[in-house]
Amino acid sequence: MKIKTMAAYAAEGKEPEILFWVGCAGSFDDRAQKVTRAFAEILTAAEMEFAILGNEEQCTGDPARRAGNEFIFQMVALQNIETLNMYQVKKIVTACPHCFNTIKNEYPALGGTYEVVHHTQLLQQLIDEGRIKLKEGGTFQGKRITYHDSCYLGRINGVYEAPRAVLASLDSQLVELKRSKQNGLCCGAGGAQMWKEDEPGDKRINIERSEEALATGASVIAVNCPFCLTMMSDGVKAKEKQDEVMVLDLSELIVQNLA
Amino acid sequence: MVQQILFLILAGGASAYAWTQFMAIRKTILLGQDEVITGDTSARWRNVLLIAFGQKKMFKRWIPAVFHLFIYVAFLFTQVELIEIFIDGVFGVHRFFASLLGGFYTLIINTIEILSVLAFVATFIFLARRNLLKVPRLVKSELNGWPKLDANLILIFEVILLVAIFSMNGADVVLQGRDPLHYHDTGFLAVSSWLGPALFGGLSDGALVLVERAGWWLHLGMVLLFLNYLPKSKHLHILLAFPNTFFARQRPRGEMENMPAIMNEVKSMMGLAEDTGAADEELPEFGANDITTLSWIDVLGAYTCTECGRCSSVCPANATGKQLSPRKIMMDIRDRADEVYTKIQSGKPEYAVDAEKPLDKTNFNDGKSLFDYITREELHACTTCNACVEACPVLINPLEPILKMRRYEILTESAGPGSWLPMFNSIENSGAAWSMTIDREEWTKA
């Protein structure tokens, strides 16, 4: 894939329509990389001028801050803001709700104010505006799909409808989880849990959530977050259901249905 | 006359003692650090109106919300009767409002009576939920001992109070037929007009007067007892829910409180800001390890908590058997705040950092901290999912103190889970949350 960086745009004296903030998981995790590629493919299909920061991007600092390490957070956050402000970035899209939350809600206090959207919001917009066309009767038509609200997109930032509207465009059958929207149950990865083992308990949180998702009888568990993707995939695998049930990011669903 | 004097002594004494207790709670809450109150004041009043007064968030769970509403509305309306009790008590009159308000009085008393019956039913249902049905969130281990007794005591007080109201009204109705000059006609009362004659119809005049007076004094006594019990009890939420919803933080839920001291330090390290020389000073402690390093809003939250456990029942860590329970965090903060306040009040020099100076919150060290109440395992189990924050019907934020204690552990103690170290190092050294051998544009090459 040929993806232009902000530096390349700047060299041409141009500005892209939007900056795609890829995030660490989207850059480095094998599974999440597929989501990144799917989303980049959709943006390309929509003929959107977008750029990435590439190697100038750094971790937003979310896991360090939530673990309690404000020093590390401030270090990377301030460097990121320097970079973003240098390129005069105005609008950012990201496929990670943690990056989304930190840039949207925490960077302003440090001097970085941007319009930030989550990729599910942009997907909805592109579908609504007709910038991407979906197949009639695509791969997921009539299939039972359940949707797992990530904490950082859902309860923390109140985005519940955009991802559901995107799912609706697939003509599939959305089965809500027992705990959804404001009451959604965490996948277990937030607050820097992704980087450590669970504390002792009866059960891992992702198992609890995966059991709930499997109980819906859906053949696809749709997610909007790379950490949820890992946690739910692990949970489904632990329940030995990986052959029957797929855990997919919304952009992966859409990319398969592009006309 | 004897009754008036007795009333003044009892009501005056109890109110004065309650006042000193409430002032002590206020001082305890203010042991917390100052916090700048930002945001939209009209949004704050909206919260008070909708969430505290209007109980909006209670209705996320219908069954307890409806029964709680019965008790709450009954409590609000009974205040009218309470005002009358005070007027009657001070001036030695009987049912002062009855002749004054006429038909409207009948309406008010009827409203109170119907609500009281509903509250009576609700009270027994609540007792059953705690003691027979054992609703999971109401029997968790952190409630063992005093919290469990506290919850049941309040419900029993409620029953006694309602019995007092109906004895007073029931006997009064019968007396109205026998001595209409002293006992003003209250009109037809929904409950007492049949319950009174049914229970007390056969009593002599003397016995009736005794029942009526006993009901009246018992009602008053329970109110005064309740007033003095409140500051010791989780039931303080009936008052503190109002300030707590007003002072609840307005910043976005996903925004952790910024730490300007660290931000400026890092900025000057990066050459982004003029070195103010602040970096040369000894860095203060970061985060919170005790009541005096939390914000007073966190301590207010702890005193507002009524231990309903909605937070813990939605906590993913708690639901999967981890030690963490957001309710316990708030209960621990309250217990520790009580301890710190009591020790400071004791004036004992052994608790002073500098024994020469008077004991106060800046000159206090009892060798203990919040970490003696809240284990690290609890703090480390939090996923910051905000389910507890969303669940609280009175806008307490248990996540805030958890994150402040994590900050203390990492920044001040350089402790914390060892498995976080590679993440910290990797972010610091290579700007990535994992230590990687590939570059960030790798995915474009496939």
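Observations on the structure shown:
- Counting only residues at least eight positions apart within a chain, or on another chain, the aspartates and glutamates with an alpha carbon under 18 Å from that of A:LYS237 are A:ASP29, A:ASP30, A:GLU197, A:ASP198, A:GLU208, A:GLU211, A:GLU212, A:ASP249.
- Cys residues of chain A counted as unpaired, since no other Cys beta-carbon is under 4.7 Å: A:CYS24, A:CYS59
- Within a straight-line Cα-Cα reach of under 25 Å, B:LYS60 can be paired with the following lysines, leaving aside sequence neighbours fewer than 8 residues apart in one chain: A:LYS178, A:LYS181, B:LYS134, B:LYS140, B:LYS148, B:LYS234, B:LYS322, B:LYS328.
- Å² per residue, accessible surface of segment B:115-250 at 1.4 Å: 44
- Rough spin-label spacing in nm, given labels placed 7 Å along Cα→Cβ, for B:ILE37 and B:GLN345: 2.5
- Among the cysteines of chain B, B:CYS305, B:CYS308, B:CYS315, B:CYS382, B:CYS392 have no other cysteine beta carbon within less than 4.7 Å of their own.
- Label-point separation, B:LEU8 to B:ASP335 (7 Å along Cα→Cβ), nm: 4.5
- Charge tally in the Cβ shell below 12 Å around B:PHE7, where Lys, Arg are +1 and Asp, Glu are -1, B:PHE7 excluded: 0
- Among B:LEU272, B:LEU181, B:LEU370, the largest mean-square fluctuation in a Gaussian network model of chain B (Cα springs under 10 Å) belongs to B:LEU272.
- Each other residue within a Cβ distance under 15 Å of A:GLY142 adds +1 if Lys or Arg and -1 if Asp or Glu, for a net charge of +1.
- Segment B:385-441 and segment A:11-43 have Cα centres lying 25 Å from one another.
- By accessible area, using a 1.4 Å probe on protein heavy atoms only, chain B has 64% of its surface on carbon and sulfur.
- Percent antiparallel among DSSP beta bridges (both partners in the protein assembly as shown, rounded to 5): 10
- Of A:ASN206, A:ASN55, A:ASN105, the one that fluctuates the most in a GNM where chain A has Cα springs shorter than 10 Å: A:ASN55
- Here each label is just a point 7 Å from Cα along the line to Cβ, and for A:ALA238 and B:ASP439 those points are 3.8 nm apart.
- Hull volume per residue, based on the alpha-carbon atoms of segment A:6-124 and their convex hull, is 99 Å³.
- For the Cα trace of chain A, dividing Rg by the Kirkwood Rh returns an Rg/Rh value of 0.96.
- In terms of accessible area, using a 1.4 Å probe and ignoring ligands and nucleic acids, A:LYS91, A:LYS135 rank largest first as A:LYS135, A:LYS91.
- The distance linking segment B:135-157 with segment B:205-273 is 19 Å (Cα centroid to Cα centroid, whole angstrom).
- Under 14 Å from a label point set 7 Å out along the Cα-to-Cβ vector of A:GLN256, no amide N atom of segment A:182-216 is found.
- Chain B packed on chain A takes about 5600 Å² of accessible surface away from a 1.4 Å probe, both sides summed.
- Neighbourhood charge, 15 Å Cβ-Cβ cut-off, centred on A:LEU110 and excluding it, Lys, Arg +1 and Asp, Glu -1: -3
- Helix B:103-131 axis, angle to chain B major axis (alpha carbon atoms, nearest 10°): 50
- Residues A:LYS143 and B:ILE156, FRET efficiency given R0 of 45 Å [Cβ-Cβ distance, rounded to 0.05]: 0.20
- Computed with a 1.4 Å probe over protein heavy atoms only, the accessible surface of chain A comes to 36 Å² per residue.
- Residue of B:GLY418, B:GLY187, B:GLY92 that the Gaussian network model of chain B assigns the largest fluctuation, springs spanning Cα pairs under 10 Å: B:GLY418
- Calculated mean residue ellipticity at 222 nm for the protein assembly as shown: -16000 deg cm²/dmol, from DSSP H runs with n ≥ 4 weighted as -39500 (n - 2.57), summed, divided by the residue count and rounded to 500.
- Taking the square roots of 5 times each eigenvalue of the Cα gyration tensor of segment A:76-167, largest first, gives ellipsoid semi-axes of 30, 16, 9 Å.
The values are calculated or read from the model by the stated rules, or taken from the named source; none is laboratory data. Values in this document were obtained by computation on a predicted structure and should not be read as measured data. All Cβ positions, glycine included, derive from the backbone under ideal geometry; neighbour counts span all protein chains shown. What goes into the accessible areas is simple: the full protein's heavy atoms, side chains included, and nothing from ligands, DNA or RNA. Shrake-Rupley method; radii C 1.70, N 1.55, O 1.52, S 1.80 Å.
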